[in-house]
1. Using the Cα centre of the stretch 79-180 as origin and beta-carbon charges of +1 (Lys, Arg) and -1 (Asp, Glu), tell me which of C147, G178, P86 is placed farthest towards the positive end of the dipole.
2. Which value in Å is the Kirkwood Rh of the stretch 114-252 over different Cα pairs?
3. Compute a Gaussian network model of the chain, connecting alpha carbons closer than 10 Å, and tell me which residue from A97, A149, A167 fluctuates the most.
4. Which lysines have a Cα lying under 24 Å from the Cα of K55, excluding residues fewer than 8 positions away in the same chain?
5. Rounding to the nearest 20 debye, state how big the charge dipole of the stretch 38-96 is about its Cα centre with +1 on each Lys and Arg Cβ and -1 on each Asp and Glu Cβ.
6. Among L195, L306, L239, determine the one that fluctuates most according to a GNM of the chain built with springs between C-alpha atoms less than 10 Å apart.
7. Between helix 276-289 and the chain, what is the angle of the helix's C-alpha long axis to the longest principal axis, kept within 0 to 90° and rounded to the nearest 10?
8. Calculated FRET efficiency, T2 and A124, Cβ-Cβ r, R0 51 Å, to nearest 0.05?
Amino acid sequence: MTRPYQGGRLLVEVVRSGFVECLHHGSVVVLGADGRDVSVTGDGDAPIFPRSSNKPLQAVAMLRAGLRLDDTADLAMASASHYGEPRHVARVRAMLAAGGLSEADLACPADLPLLEHARRAVLASGGAPAPIYMNCSGKHTGMLLTCQAAGWPLEGYQHADHPLQKATRETFEDLVGGPVAATGVDGCGAPVFSLTLRQLAAAFLTLVSAEPGTPERRVADAMRAHPDLVAGTGADDTLLMSGIPGLLSKGGAEGVSAVAVPGVGAVAAKIDDGAMRARTPVTVAALRRLGLDAPVLENLAEQVLLGGGRPVGKVRVLSLS
């Protein structure tokens, strides 16, 4: 039987006005360029749901199944958790139109953009929640286009028993070299396959280290070429990929993060209580374990707490050991 995730260690403290008001525990796996452990904190060998950190692997599965996208920006959108900004929505609509599809074909739930300014703009214009604004609409569009390319039915493409999702599971198991321990339903309605943090980090390392032209490398290259599409304005993934050449980053819900840099190594992290504010400082600390240094890491190393509109504290990493 698969061992359940045991939880991690104390990683982060939240300090307000000099007073420690909150603590976050979690697990982190740091791998070197050769795939060997640099450090492991907490539980790196029990399965978790990586949530949207799985999207690059899902995109690899789409390409293996026959998805054809001539523009690397479209492949980045198929791997994205976009913020619903106008450029994101326009590109997803163009991808749908290119396949003769409509927004009605999307099985992801109706939502508003993640970015506050974009959300306000939709509401101010008289708009309402819609599947196209949901952060996974690019992935769902990629899935629909994959079904067209493979000759699979569009109906029910989001269900685990659909040929698309069966093929995606096979790709996951190939990439990590073992069976998927659990399959759940992600927030967007598509399957989410479990991985250990060690498997997640190793898979990201595989993507950035693969030979040019392979599905793995094509996904990594597309995401790194279009970091603004993978997330959005001010997003950690976008900032990290923009600030460190060659870095691949994809965060997921419930405090998950996965990052890899060719010739350097990879990181996978999970914050036990799902706190997103703790995820990025931990990821930065892990990247520094790999010897990386860049202004973007300095900027993201600590999260600032506000009180009355002014800084009164911070979210900071204690230790990864």
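1. Looking along the dipole axis, the top candidate is P86.
2. The Cα-based Kirkwood calculation yields 16.9 Å.
3. A97
4. K139, K166, K250, K270
5. Computed about the Cα centre, the dipole is about 240 debye.
6. L306
7. Result, in degrees: 70.
8. 0.60
The values are calculated or read from the model by the stated rules, or taken from the named source; none is laboratory data. Since we're looking at a predicted model, the values are computed, not measured. With ideal geometry, Cβ positions are generated from the backbone for all residues, glycine too; neighbour counts draw on all protein chains shown. Surface areas here come from the heavy atoms of the whole protein model, side chains and all, with no ligands, DNA or RNA. Shrake-Rupley method; radii C 1.70, N 1.55, O 1.52, S 1.80 Å.
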